[in-house]
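Novice: Pasting in a structure now, in structure tokens, and then I'll have a few things to ask.
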Amino acid sequence: MATKFAFLYPFFAIVLWAGNVIVSRLSAHTIGPEAITFYRLLLAVGLMSLFVARPAWCNRAAIWPHLGQFAVLGFLAMCLFQSLSYLAAETTTATNMAVFTALTPLLTVLLGAMLLREAPTVGMIGGGVLSFTGLVYLVSGGDPAALLRNGVHPGDPLMFLAALVYGLYGVLLKRWDLPVAGWQSTYMQALCALAIMFPAFLATPAPMRALNAQTLPLIAYAGGLASIVLPFLWIRGVQILGPNRCAIFMNLLPVFTALGGIMLLGEPVRAFHVVGGGVALAGVACTALFRRPLWISAPAMPALGD
């Protein structure tokens, strides 16, 4: 694909991501969060094994020393994030879920500043304030005082926690900088996540892990398109355009999800969704655009005799 069409990689990745949010909503009360997470991992591992298992086995000398780190990464991104998302889908809207998910780049930068001691930027502080303001307006339904009276839907803080978990995943991925990248890294994370999810799957009541005409299409989408095709498109986009330019496409996630919610779920999109979600996403954009540090560290004084 010519470079001028490279934007189609992250664009279609976000379209598939929006579809995955819709799938999460459709799965609510139909299949248990732990069960659909396990099934999607099982399908994803099976599909990836067709083209990754042999190269990963040949590269086992490099993979084995980092197995514990793959397990942590797989738990965060493929177990905890996904399970929290499916659980949140039971008590919040697809639009709200998409807005919280789109905050992931901002949360990754904020966590990186705290855990990696990276200097905070103007965009990080301003964007954080903007996003917080937008989220308050969004989850309160346009009436911030209602939060004090009624609180929030249980799914909203769960979705925020899920986005925070994924932000931590991004920070650890950067900090560890494992020598195994690409599909082999994803494959090992998925294998570890599958093993971690197995006990939770067994503990799920039988009716909530049944495979039937309702659950099979959801699992096929989550385990195939969302777990294989989506990462391929996103990784290709990052390789050609860079991570910062691709991160901007996250702002389209709530738009596509809202459209899907209207057409497939009958969810209304109201003014507070547009205003609150727009302000929150403007904060994410500020983080990407304004990268000037709040302060510049003074150069170290040379030692006497240098």
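The values are calculated or read from the model by the stated rules, or taken from the named source; none is laboratory data. Note that the coordinates shown come from a computational prediction; the quantities given were computed from them, not determined experimentally. Because the Cβ atoms are built from the backbone with ideal geometry, glycine has one as well, and the counts that use them run over all protein chains shown.
Novice: Test of understanding: among P205, P217, P144, P157, which residue is free of Cβ contacts under 8 Å to residues at least 24 places away in the same chain and within 22 Å of L84 (Cβ to Cβ)? Show your work before the answer.
Specialist: Values: P205 fails: free of Cβ contacts under 8 Å to residues at least 24 places away in the same chain; P217 fails: within 22 Å of L84 (Cβ to Cβ); P144 fails: within 22 Å of L84 (Cβ to Cβ).
After ruling out the rest, the residue left standing is P157.
Novice: Looking only at region 232-252, filter to residues that are of a type outside the set (A, V, I, L, M), more than 24 Å from N96 (Cβ to Cβ) and part of a helix (DSSP H, G or I); which one of those is modelled with the lowest pLDDT? Even if it seems obvious, please write down each step before you answer.
Specialist: Of region 232-252, the ones of a type outside the set (A, V, I, L, M) are 232, 234, 236-237, 239, 242-246, 249, 251.
Keeping just the survivors that are more than 24 Å from N96 (Cβ to Cβ) gives 232, 236-237, 239, 242-245.
Now drop any that are not part of a helix (DSSP H, G or I), which leaves 232, 236-237, 239, 243-245.
On the way: F232: 86, R236: 82, G237: 83, Q239: 77, P243: 70, N244: 67, R245: 71.
Among them, the one singled out is N244.
Novice: Moving on. Exactly one of these conditions fails for L42: (1) modelled with pLDDT of 90 or more; (2) not in a helix (DSSP H, G or I). Give me its number.
Specialist: Status for L42: all satisfied but (2).
Every residue, every condition in (1) within 20 Å of V255 (Cα to Cα); (2) over 19 Å from the mean Cα position of the chain (by Cα); (3) modelled with pLDDT of 75 or more; (4) hydroxyl-bearing (S, T, Y), yes or no:
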| position | (1), (2), (3), (4) |
| --- | --- |
| L103 | yes, no, yes, no |
| L106 | yes, no, yes, no |
| L111 | no, no, yes, no |
| L116 | no, yes, no, no |
| G126 | no, yes, yes, no |
| V136 | yes, yes, yes, no |
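Novice: Would you mind stating whether M124 is without any contact (Cβ under 8 Å) to a residue 12 or more places away in the chain and either on the phi < 0 side of the Ramachandran plot or surrounded by 22 or more Cβ atoms within 10 Å (Cβ to Cβ) (or both)?
Specialist: no
Results for (1) within 26 Å of V180 (Cα to Cα); (2) buried (at least 22 other Cβ atoms within 10 Å of the Cβ), shown as yes or no for each residue.
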| residue | (1), (2) |
| --- | --- |
| P55 | yes, no |
| F70 | yes, yes |
| F75 | yes, no |
| M78 | yes, yes |
| F81 | yes, yes |
| T91 | no, no |
| A94 | no, yes |
| T101 | no, yes |
| G112 | yes, no |
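Novice: Can you find even one residue in region 178-186 that is in a helix (DSSP H, G or I) and either more than 21 Å from the chain's Cα centre (by Cα) or aliphatic (A, V, I, L, M) (or both)? Walk me through how you get there before you give the answer.
Specialist: Initial filter on region 178-186 (in a helix (DSSP H, G or I)): 182-186.
Narrowing the set further to residues that are either more than 21 Å from the chain's Cα centre (by Cα) or aliphatic (A, V, I, L, M) (or both) leaves none.
No, there is no match, as no residue in region 178-186 is in a helix (DSSP H, G or I) and either more than 21 Å from the chain's Cα centre (by Cα) or aliphatic (A, V, I, L, M) (or both).
Novice: Could you check region 138-151 and list, in sequence order, the residues that are at pLDDT 70 or above and over 13 Å from F100 (Cα atoms)? Don't jump to the end; show me each part of the working.
Specialist: The initial filter retains those residues of region 138-151 that are at pLDDT 70 or above, namely 138-145.
Listed by number, the residues that qualify are S140, G141, G142, D143, P144, A145.
Novice: Considering F81, F100, F51, which residue is touching a residue at least 60 places away in the same chain (Cβ under 8 Å), farther than 26 Å from A258 by Cα, among the aromatic types (F, W, Y) and in a helix (DSSP H, G or I)? Walk me through it before giving the result.
Specialist: Working: F81 fails: farther than 26 Å from A258 by Cα; F100 fails: farther than 26 Å from A258 by Cα.
Residue meeting the stated conditions: F51.
Novice: Specify the residue that is modelled with the lowest pLDDT; the eligible residues are those in region 196-221 that are loosely packed, with under 13 Cβ neighbours inside 10 Å and small (G, A, S). I'd like the intermediate steps shown before the answer.
Specialist: Filtering region 196-221 for residues loosely packed, with under 13 Cβ neighbours inside 10 Å gives 199, 202-203, 205-207, 211-214, 216-217.
Filter once more, so that each one left must be small (G, A, S): 203, 206, 213.
Working: A203: 92, A206: 88, A213: 91.
Out of the qualifying residues, it is A206.
Novice: Please enumerate the residues belonging to region 184-199 that are more than 12 Å from L43 (Cα to Cα) and among the hydrophobic types (A, V, I, L, M, F, W, C).
Specialist: M188, C192, A193, A195, I196, M197, F198
Novice: Are any of the residues in region 270-291 within 21 Å of I36 (Cα to Cα), surrounded by 20 or more Cβ atoms within 10 Å (Cβ to Cβ), in contact with a helix residue (DSSP H, G or I) (Cβ under 8 Å, 6 or more places away or on another chain) and at pLDDT below 85? Working first, answer last.
Specialist: Applying the first criterion (within 21 Å of I36 (Cα to Cα)) to region 270-291 yields none.
No, every residue in region 270-291 fails to be within 21 Å of I36 (Cα to Cα), surrounded by 20 or more Cβ atoms within 10 Å (Cβ to Cβ), in contact with a helix residue (DSSP H, G or I) (Cβ under 8 Å, 6 or more places away or on another chain) and at pLDDT below 85.
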